[in-house]
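Here the structure comes first, spelled out in structure tokens, and everything after it is commentary.
The values are calculated or read from the model by the stated rules, or taken from the named source; none is laboratory data. Treat the numbers as computed from the prediction; the structure is a model and nothing was measured. Here the Cβ is made from the backbone with ideal geometry for all residues, glycine too, and neighbour counts use every protein chain on show. Only protein heavy atoms, including side chains, enter the accessible area calculation; ligands, DNA and RNA are left aside. Shrake-Rupley method; radii C 1.70, N 1.55, O 1.52, S 1.80 Å.
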Amino acid sequence: MIRDITLGQYYPADSILHRLDPRVKLMGTILFLVGLFLIKGWAGYAVATVFLFAMIRISKVPFRFIVRGLKTIFIILLITLVFNLFLTPGDRVLVQIWKLQITDKGLNTAIFMAIRLIYLIIGSSLMTLTTTPNDLTDGLETLLGPLKKLHVPVHEVSMMMSIALRFIPILLEETDKIMKAQMARGADFEHGNLIQRAKSLVPLLVPLFISAFRRASDLAMAMEARCYRGGEGRTKMKPLAYARRDYCAYGILILFLAVIIALRVLL
Amino acid sequence: MSIVLEHVSYTYSPETAYEIHALKDVNLEIPDGQFIGLIGHTGSGKSTLVQHLNGLVRATSGHIYFNGEDIYAKDYDMRRLRGKVGLVFQYPEHQLFEVDVLSDVCFGPKNQGLSPEEAKERAREALRMVGISEEYEKQSPFELSGGQKRRVAIAGVLAMEPEVLILDEPTAGLDPKGRDEILDEISYLHKERGITVILVSHSMEDVAKYVERIIVMNQGEVLHDGAPREVFRHYKELESVGLAAPQVTYIVHTLKDKGFDVDGDATTIEEAKETILEAFRKKGRKL
Ligand SMILES: Nc1ncnc2c1ncn2[C@@H]1O[C@H](COP(=O)(O)OP(=O)(O)OP(=O)(O)O)[C@@H](O)[C@H]1O
Ligand SMILES: [Mg+2]
């Protein structure tokens with residue numbers, strides 16, 4: 001159950017998407033998200049769908065693995081769906097239940113909102129699934145590099161991000177382990193009312209926090225022992241460099257965005 | 001009264017890139033009152049196997065019977081099973097969470113539905129068994145030393161008074177004295193209360209000294225299963241799967257190769273001493 005969260009997890013495979021420069025993938029994800037919010041009407045969604053599924057195919061990440069990440073946002077999805085469905089005023093009332101009504105507009109918005117959310121999650125999962133956390137932060141750091149001039153601690157922020165991403169699976173594993181250890185002592189995480197359940201989390205959360213702090217301090221110690229002192233004057237072993245496929249990818253992305261904008265303007 | 005495993009297989013993260021077949025068709029019978037050593041190279045599936053025995057991990061295929069009842073049956077009471085099959089995890093000190101030592105040890109008995117008084121009674125008893133004196137009762141478990149934490153964590157499972165006690169490398173990272181104390185205590189429990197003990201260990205010496213049966217795991221399969229002297233007879237094969245026999249096994253084998261009439265099956269220092277002295281005595285007479 002806990003392992004279902006795919007966000008922030010890398011899926012090793014040998015595909016063009018994996019080999020792309022992380023900057024391209026980051027920009028690509030942002031452009032894709034922007035595209036999603038520019039879409040108006042079925043045609044645009046059709047284009048986005050084709051684009052997204054083509055990317056999934058190219059990435060060689062099994063579809064099941066990507067969809068698994070959606071389970072975790074199911075509740076949010078459901079809430080958005082219900083709110084949009086019932087609370088959007090429209091011209092034509094389709095269904096009336098007591099004081100709640102579903103209008104044509106409501107139905108439209110609800111469906112599009114759901115698709116948008118799902119694509120948003122899939123799109124960003126696809127990026128993290130095909131990019132190692134190290135590459136990801138490398139890309140981010142380079143992309144945000146210009147902000148250093150404004151005294152934004154770009155290196156530090158990206159380092160923190162990479163550590164956070166790196167620790168997600170570790171903490172999940174740790175949670176799993178502690179949960180099992182407490183269950184072996186008869187702990188029950190599944191039954192009881194809300195208060196009982198909240199209470200039953202104490203034996204899980206206390207050891208988890210302690211372990212997180214222990215790991216953090218170990219890591220800090222290890223970094224200092226290897227003379228880490230921030231981004232100042234730090235060079236890279238593998239500086240990022242664009243290859244031909246990266247320019248091609250940019251081309252495809254711009255084309256995608258252009259089509260979306262064209263569809264929005266024309267239709 | 002026993003635990004029976006039939007064709008148990010387990011796969012981690014099935015159908016993904018991270019798929020690992022941690023157990024492959026394991027068949028075992030664990031009768032009451034045995035002291036069993038479970039050995040195997042890192043990643044051979046020992047921890048995975050023991051987590052099956054109290055139902056924490058559900059086999060991908062196969063059946064497990066506890067006292068004749070299928071633990072995967074629909075209305076089987078898993079929590080009761082966990083009280084009967086006590087499992088001490090690897091590095092159990094990481095599970096401590098209460099404000100003081102006594103309450104932490106009480107966690108298990110309380111979950112079994114005992115009254116606070118009974119739970120405390122059991123906790124005190126368990127703490128005494130692992131050698132934590134009463135003065136520590138009100139101390140925070142986080143202020144103890146590593147070895148003390150380990151003992152408190154073990155007491156947390158002992159306090160549930162399990163019929164089967166499983167310890168996953170209980171002595172990893174302890175000093176020799178602490179190691180011997182804990183193992184002696186467990187051995188004492190085994191003798192006094194007649195509980196079944198399964199000891200997962202990397203130390204061949206410990207295993208040879210305490211257990212009456214050894215199960216050797218290799219890449220998710222049971223490689224050997226038998227009395228220590230039988231298992232350690234295959235010491236060459238054990239080496240090929242990243243294990244070894246106790247040091248004394250090598251000594252007696254070397255002596256044997258050099259023409260001494262020693263028992264090659266000796267696995268503990270005591271046994272080796274006996275057979276070597278015996279051999280010398282015989283030789284002395286001949287001279
Ligand atoms: N939570 C998990 N998720 C995925 N794979 C796992 C998990 N736990 C263990 N494994 C894998 O299952 C296999 C068996 O692991 P297990 O922990 O049972 O080994 P072990 O014999 O206890 O090793 P050790 O002596 O190091 O404790 C290993 O290949 C391991 O990588
Ligand atoms: Mg283990």
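Among the listed pairs B:Lys177/B:Lys273; B:Lys74/B:Lys191; A:Lys60/A:Lys177; B:Lys177/B:Lys283, which are separated by more than 28 Å between their Cα atoms?
Cα-Cα > 28 Å for B:Lys74/B:Lys191; A:Lys60/A:Lys177; B:Lys177/B:Lys283; rest within.
For chain B, calculate the relative contact order in percent as a whole number, restricting contacts to Cα pairs under 8 Å that are 6 or more residues apart.
Relative contact order for chain B comes out at 21 percent.
Send over the semi-axes of the range A:2-92's equivalent ellipsoid, whole angstrom and largest first, taken as the square roots of 5 times the C-alpha gyration tensor eigenvalues.
28, 19, 11
Round to a whole angstrom and tell me the spacing of the C-alpha centers of the range B:69-148 and the range B:248-271.
Using only Cα atoms, the two centres lie 42 Å from each other.
Any idea how far the Cα center of the range A:98-117 sits from the one of the range A:168-192, in Å?
Between the Cα centre of the range A:98-117 and that of the range A:168-192, the gap is 38 Å.
Please calculate how many Å² of accessible area the range B:246-287 carries per residue, with a 1.4 Å probe and no DNA, RNA or ligand atoms counted. Walk me through the numbers before you get to the answer.
On the way: 2920 Å² over 42 residues.
Averaged over the residues of the range B:246-287, the accessible area is 69 Å².
Among the lysines, which have Cα under 25 Å from the Cα of A:Lys236 when same-chain residues fewer than 8 positions away are ignored?
Straight-distance partners of A:Lys236: A:Lys25, A:Lys148, A:Lys149.
How many partner chain Cβ atoms sit within 10 Å of a residue's Cβ in peptide B:52-61, on average, as a whole number? Display every interim value, and only then the final one.
Details: counts 0, 0, 3, 2, 5, 1, 0, 0, 0, 0.
The shielding value for this peptide is 1.
Quick check on packing: order A:31-44, A:72-85, A:188-201, B:37-50 by the mean number of other C-beta atoms within 10 Å, highest mean leading.
For the peptides A:31-44, A:72-85, A:188-201, B:37-50, the packing ranking is B:37-50, A:31-44, A:72-85, A:188-201.
In the structure shown, do any of A:Lys40/A:Lys105; B:Lys256/B:Lys282; A:Lys71/A:Lys199; B:Lys84/B:Lys110; B:Lys258/B:Lys282; B:Lys236/B:Lys256 have a Cα-Cα gap over 19 Å, and if so which?
Beyond 19 Å: A:Lys71/A:Lys199.
For the range A:65-115, with every protein chain kept in place, what is the accessible area per residue (1.4 Å probe, Å²)?
Value for the range A:65-115: 67 Å² per residue.
If you wrap a convex hull around the alpha carbons of the range B:246-287, what volume per residue comes out, as a whole number of Å³?
Enclosed volume per residue, from the Cα hull, is 47 Å³.
Excluding ligands, DNA and RNA, what is the accessible area buried between chains A and B, summed over both sides, using a 1.4 Å probe, to the nearest 100 Å²?
For A against B, buried area totals roughly 2100 Å².
When all alpha-carbon pairs of the protein assembly as shown are counted, what percent fall beyond 46 Å?
The answer is 34 percent, as a whole percent.
Enumerate the helices in chain A for which the Kyte-Doolittle hydropathy averages 0.5 or more and the C-alpha atoms extend at least 15 Å along the helix's axis, using complete DSSP H runs.
A:22-38, A:42-59, A:74-87, A:104-130, A:154-184, A:202-225, A:244-266
Hey, got a sec? Which trypsin sites (Lys or Arg not before Pro) in the range B:103-149 land in a DSSP loop and have at most 15 other Cβ atoms within 10 Å?
Loop-located and lightly packed - B:Lys138.
Please compute, over every Cα-Cα pair in chain B, the percentage with a separation greater than 23 angstrom.
Distances greater than 23 Å cover 59 percent of the Cα pairs.
Quick one: longest stretch of chain B between exposed loop chymotrypsin sites (Phe, Trp or Tyr not before Pro), exposed meaning at most 16 other C-beta atoms within 10 Å and loop per DSSP?
The answer is B:77-259.
Report relative contact order for the range B:246-287 in percent, whole number only (criteria: Cα-Cα under 8 Å, sequence separation at least 6).
35 percent
Out of B:His224, B:Leu174, B:Thr275, whose Cα points farthest toward the positive end of the dipole of chain B (charges: +1 Lys, Arg; -1 Asp, Glu; placed on Cβ)?
Result: B:Thr275.
Counting pairs of alpha carbon atoms under 8 Å apart in space and at least six apart in sequence, what relative contact order in percent does the range B:27-90 give?
25 percent
Roll a 1.4 Å probe over the protein chains and send me the accessible area per residue for the range A:153-236 in Å².
The answer is 63 Å² per residue.
Ignoring ligands, DNA and RNA, please state the percent of accessible area on the protein assembly as shown from carbon and sulfur, probe 1.4 Å.
60 percent
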